[in-house]
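Nothing in this text is a laboratory measurement; each read-out follows from the coordinates by a stated rule. Keep in mind the model is a prediction, meaning the values are calculated, not measured. Counting neighbours? That spans all protein chains shown, and the Cβs are built from the backbone with ideal geometry, glycine included.
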Amino acid sequence: MPEPVRVLLTGRHGQLGRALTASVPAGIDLIATGRGELDLADAAACRAAVQQHRPDWVLNAGAYTAVDRAESEPELAEAVNAGAPGAFADALADSGGRLLQVSTDFVFDGEQGRPYRPEQPVQPLGVYGATKAEGERRAEAALPPERLCLLRTSWVYGPVGANFCLTMLRLHRAKAAAGDPLGVVADQVGCPTSTAGLAAASWQAIGRGVAGRHHWSDSGAASWYDFAVAIGALAAQRGLIETPARVRPITTADYPTPARRPAYSLLDCTTTRRALDLEGQHWQAALAEVLAQLPLPQA
Ligand SMILES: NC(=O)c1ccc[n+]([C@@H]2O[C@H](COP(=O)([O-])OP(=O)(O)OC[C@H]3O[C@@H](n4cnc5c(N)ncnc54)[C@H](OP(=O)(O)O)[C@@H]3O)[C@@H](O)[C@H]2O)c1
């Protein structure tokens, strides 16, 4: 029997963390931590956790993900998103373990108008993206390339947690009941990514010992408007809502937010799908699977 692979997971209560703990493959000895066990803003605690548990991998799924709030809390966002991966990488450099660092499409500025390849230079627009990019940089500086897997992803959602899909379901119900339209931004394009597919990709990266910079999203492309329309249509089909609200396309300028967001942040996943030997699911098929997991409203 091969030795189990010891994985120290962060962010266990986040949406990705929950999908990861629900799908642990055989042969993994999981030490799952949330904020209560390990404060990612505390670099010394992150280093100590590696020294204590001596993991083969740290799977850093925890992050400061409040994109707009990060604009007014840059120090905390930096401590969590850059400090923690830097500290894990430092400690792993000594212990001999590896790091799977989950990162984001928001490291790009969205200006190039075609999908981003993993090796392209980053150019974040806001504090969240900048702190995630700094986390990537620190991890790459501390670890030899064969012991680091950077996995960037986009527009993450699943059946639990705080995400666009669950918010839209609530809004479809409320706006349809009130007879009001639901305005959703139509000039930002990316790809929704289900937590189940992202968790499978993460476990596959660990199982195969994949290293380097990688991109993982579901397949296809959508604007937030397209995503909201599909959520309404599929949710009505499944009986989660009586009828979808009328979705009205609006522009980013119509919906000002503290943080600027990339207008076009599709990730080119070609090399990663090959390295993982995993096909991406189309985002609409993944959405149908996520909606199928949600409880139907009581009659
Ligand atoms: N969500 C997206 O659309 C998206 C897009 C691209 C990339 N990503 C990346 O994907 C990864 C997973 O994101 P997600 O969607 O699962 O995010 P999430 O649901 O917001 O989960 C993040 C987790 O990190 C934890 N956390 C935050 N600050 C912490 C701290 N100081 N100490 C310990 N834990 C802390 C949170 O704990 P609490 O539950 O206690 O708050 C939460 O459980 C992250 O690296 C994120 O940057 C996400």
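You can think of it this way: the chain between D187 and R208 has 3.8 nm of extra reach, that is 0.36 nm per residue less the Cα-Cα gap. Put simply, the amide H of G212, placed in the peptide plane, has neighbours under 5 Å in L148, C149, L150, leaving out anything fewer than 5 places away on its chain.
Candidates A253, L151, G179 compared by Cα position along the dipole of the chain: farthest toward the positive end lies G179, with charges placed on Cβ.
Overall, the range 1-63 carries a charge dipole of about 100 debye about its Cα centre when +1 sits on the Cβ of Lys and Arg and -1 on the Cβ of Asp and Glu, all other atoms neutral.
Based on Cα contacts under 8 Å between residues 6+ apart, the chain shows a relative contact order of 20 percent. Solvent-free Debye calculation, one equal scatterer per alpha-carbon of the range 1-134: log10 I(q)/I(0) at 0.10, 0.14 Å⁻¹ equals -0.35, -0.66. Within the range 43-107, none of the GluC sites (Glu not before Pro) combine a DSSP coil assignment with at most 15 other C-beta atoms in a 10 angstrom radius. The residue among L16, L166, A142 whose Cα reaches farthest toward the positive pole of the charge dipole of the chain, with charges on the beta-carbon of Lys, Arg, Asp and Glu, is L166.
Phi angles across the range 41-51 convert, under the Karplus curve 6.51 cos²θ - 1.76 cosθ + 1.60 with θ = phi - 60°, into 3J(HN,Hα) values of 7, 10, 4, 5, 5, 5, 5, 5, 5, 5, 5 Hz, Gly and Pro given as x. For the chain, the longest principal axis of the Cα atoms and the long axis of helix 164-178 meet at an angle of about 20 degrees. Computed from backbone phi, the HN-Hα couplings of the range 67-74 come to 4, 6, 5, 4, 4, 9, 10, x Hz, rounded to whole numbers (Karplus: 6.51 cos²θ - 1.76 cosθ + 1.60, θ = phi - 60°; Gly and Pro given as x). Over the range 211-263, the alpha carbon radius of gyration divided by the compact-protein estimate 2.2 N^0.38 Å works out to 1.54. Dipole check for the chain: with +1 at the C-beta of Lys and Arg, -1 at the C-beta of Asp and Glu, and the Cα centre as origin, the magnitude is about 500 Debye.
Solvent-free Debye calculation, one equal scatterer per alpha-carbon of the range 119-261: log10 I(q)/I(0) at 0.13, 0.16, 0.20 Å⁻¹ equals -0.71, -0.97, -1.27. FRET efficiency for the pair A26 and E119, taken as 1/(1 + (r/R0)^6) with r the Cβ-Cβ distance and R0 = 30 Å, rounds to 0.35. Using only Cα atoms and rounding to the nearest 10 degrees, what angle (0 to 90) does helix 283-292 make with the longest principal axis of the chain? That works out to roughly 80 degrees.
The dipole here belongs to the range 100-156: it is taken about the Cα centre, uses +1 on the Cβ of Lys and Arg and -1 on the Cβ of Asp and Glu, and is about 100 debye. Normalised by residue number, the volume inside the convex hull of the Cα atoms of the chain is 132 Å³ per residue. May I ask for log10 I(q)/I(0) of the range 131-210 at q = 0.14, 0.15, 0.23, 0.25 Å⁻¹, from a Debye sum over the Cα atoms as equal point scatterers with solvent left out? Log10 I(q)/I(0), no solvent term: -0.69, -0.75, -1.16, -1.22. Couplings 3J(HN,Hα) for the range 12-17, derived from phi with the Karplus relation 6.51 cos²θ - 1.76 cosθ + 1.60 (θ = phi - 60°), are 4, 8, x, 5, 5, x Hz, where x marks Gly and Pro.
For the chain, modelled as a GNM whose springs connect Cα atoms under 10 angstrom apart, the maximal fluctuation among H13, H282, H53 occurs at H53. Amide H contacts of H282 (H built 1.01 Å from N, in plane; Pro and chain starts excluded): S219 sit under 5 Å, all sequence-distant by 5 or more or on other chains. Which is farthest toward the positive dipole end of the chain among P244, S72, G83, measuring Cα position about the Cα centre, with Cβ charges +1 (Lys, Arg) and -1 (Asp, Glu)? Farthest towards the positive pole: P244. Under 5 Å between amide hydrogens, built in the peptide plane, is the criterion, and for G62 it picks out T10, G11 among residues at least 5 positions away or on other chains.
In the chain, the longest principal axis of the Cα atoms and the axis of helix 127-142 are about 20 degrees apart.
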